[in-house]
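Student: Have a look at this one.
The values are calculated or read from the model by the stated rules, or taken from the named source; none is laboratory data. Predicted, not measured: the structure shown is a model, and the values here were computed from it. All Cβ positions, even for glycine, are placed from backbone atoms using ideal geometry, and neighbour counts span all protein chains on display.
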């Protein structure tokens, strides 16, 4: 719409198109082309025209719906950050309420993921490294199973598995990274393979649950990854610990074990 009239006419003629409609406030034309015209070629030609700011096909929009799990704390609205459909905010007093939408639209995202089963490989589990206070306040390391968080909603099977450290554990540094039996994460505070969460607020456990708690199991919270993400607990308490934790996660990716995302205790997400 910012172009001169003769420039607009020239673009229409060049694209063999006619004007179907116009969004005047947005300064966007909606065009109609012949049924036998190749859409993407016309779009490409328009994009080459210096008087055209942008050109896009008129993609069809499909509502994929919402998928909601039966996890009790999700159903009760406690996980408002995933879905605020039933949550009200207020200004000043509770009588002055208004609808809010500060969630990440997880039910819509789950619906989208479920509609693309041919694209998402359910066997290709990625892991999120959680640089925080640990996972599971009663967690312990089992030579036969690896680190067990002792958490009803986060079993050992939901954890990243360093397959270079075999089970049963043998008290050896099999992957030559100077850490013995680091099968399911590491504790840089206690310098061992049991990254239990002893913090008063259990922050690391809380964050880990958001990432990878059991989904749709009638218990606790719903992990945002819909059972497609695993957790790598990296227990840290200082900048030095965090640096070593990041370096450790990088070594896992380099070795072909998937830890593409890190989340530290200050809610900042880092991509490797």
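Student: Among the residues of segment 162-177, is there at least one that is under 22 Å from residue 265 (Cα atoms) and touching a residue at least 60 places away in the same chain (Cβ under 8 Å)?
Tutor: There is no residue in segment 162-177 that is under 22 Å from residue 265 (Cα atoms) and touching a residue at least 60 places away in the same chain (Cβ under 8 Å).
Student: Do we find that residue 217 is free of Cβ contacts under 8 Å to residues at least 24 places away in the same chain, in the same structural domain as residue 162 (by TED's automatic domain parsing) and over 11 Å from residue 130 (Cβ atoms) in this structure?
Tutor: no
Student: I want to confirm something. Restricting to segment 251-263 and keeping residues that are in contact with a strand residue (DSSP E or B) (Cβ under 9 Å, 6 or more places away or on another chain) and outside any loop (DSSP other than H, G, I, E, B), which single residue is farthest from residue 228 (Cα to Cα)?
Tutor: The qualifying residue farthest from residue 228 (Cα to Cα) is 252.
Student: Restricting the search to segment 162-180, which residues are farther than 16 Å from residue 247 by Cβ and touching a strand residue (DSSP E or B) at 6+ places or on another chain (Cβ under 7 Å)?
Tutor: 167
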